[in-house]
Every structure is written in structure tokens, then in C-alpha cells.
1. Can you give me the Cα centroid spacing of segment 1-48 and segment 86-129 in angstrom?
2. Assuming 0.36 nm per residue, please report the length gained on full extension of the stretch Arg84 to Glu12 beyond their Cα-Cα distance.
3. Using only DSSP helix segments of four residues or longer, with each worth -39500 (n - 2.57), what per-residue ellipticity at 222 nm results for the chain after dividing by its residue count and rounding to 500?
4. Treat each spin label as a single point 7 Å out from the Cα along the C-beta direction, and report the Leu135 to Ala31 distance in nm.
5. Given the options Asp73, Asp125, Asp28, which has the most mean-square fluctuation in a GNM of the chain, springs set between C-alpha atoms less than 10 angstrom apart?
6. How much length is gained if the chain between Tyr119 and Arg4 is pulled fully straight, taking 0.36 nm per residue apart and subtracting their Cα-Cα distance, in nm to one decimal?
7. Quick one: net charge of His111's neighbours, Cβ under 13 Å, K/R +1, D/E -1?
8. Which one of Leu60, Leu13, Leu33 has the biggest mean-square fluctuation once the chain is modelled by GNM with Cα springs under 10 Å?
Amino acid sequence: MSTRTAAEAWEELFRAQVTLMRRFEAGDDFAPLTSREYDVLFQLSLGEGRAMRMRDLTALILLSQPSLSRMVDRLSARGLLERRAAPGDARGVVVALTEEGLRLQREIGRHHVRSIRRYVGGALDEDELRTLQHLAHKLRTAQRHL
């Protein structure tokens, strides 16, 4: 494997994501939220009990801990999230989706998945989608071991 090939592959992957995210945002996929706010709700929807510790959420989101904390405050003020004390850890914080947060996440998610099908599924056939999924998963999980 050459450094050049690795760099070119990364650049293509990154540019593809940027292009698709711009298309999703131009189509108001995440309205009335931002894409980053939706990502927080989406990640929480996958957590056990639709909740997770703040530190675990921080590990999944492309935001610093202070920025995520401010975002959680804003989403909590809108009634979409709630903060709770972590069981057995007085200093730990759990962030959970409220019923309204879950409702909004699902509503936005249905719209967004139609855009994904249109723009990603429209460019790749079923076998290519499976290959992309496999390669992206392999790349992501390999980072745990490096």
C-alpha cells in the first residue's frame, strides 16, 4: 500500500461526504435542527433506553466536550433532551431523548433516509452499497486497534 494511494482514497471519501452533506443540508433534511443537532438525537436514539453518558456521546460526535455540552443545554431548553445524574456516579451525566426528541428524530430521520436512498442509492447499485458499507465499517473499526 502506498502513502499516495491511501491519501487519494481518503480524499475521495472525505469529498464524497462533504458533497453529500451539502446536498442533504440544501434539501433541509435536518430542519428544524442542524445536522449536528440531528446527529446527537440520532446517536441517543441508538443508546440503551435512548440515553447515554455524556462522555460516550462525546466519543461519537464530531464536537468538543464543551461544544457538545452547550448543544445539549440548547436541545434540553427546547424539550428534546434531558440531563440526568448517572446511576452510581455523582459526577457523571446521562443525556436522554425526551418523547418529543424521539418524535422529532424519527420525523427527520424518515425524510433524511429518503434523501440517502436518492443520492447514495441513486449512485451505487446494491452490491456497491454493500461493499461501501463493508469497507467503511472495516476502516472505522480498524481505528480501535491502531
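1. Going from one Cα centre to the other spans 12 Å.
2. Values: separation 72, 0.36 × 72 = 25.92 nm, distance 4.08 nm.
My answer for the length gained is 21.8 nm.
3. Working: 6 runs with 94 residues, N = 146.
Taken over the chain, the calculation gives -21500 deg cm²/dmol.
4. With each label point 7 Å from Cα toward Cβ, the separation is 3.4 nm.
5. Maximum among the listed residues: Asp125.
6. On the way: separation 115, 0.36 × 115 = 41.40 nm, distance 2.83 nm.
Extra length available between Tyr119 and Arg4 comes to 38.6 nm.
7. It works out to a net charge of +1.
8. Highest fluctuation among the options: Leu13.
No lab work stands behind these numbers, since they all come straight from the coordinates. As the structure is a prediction and not an experimental result, all values here were calculated from the model. As a convention, Cβ positions derive from the backbone with ideal geometry for all residues, glycine included, and neighbour counts pool all protein chains shown.
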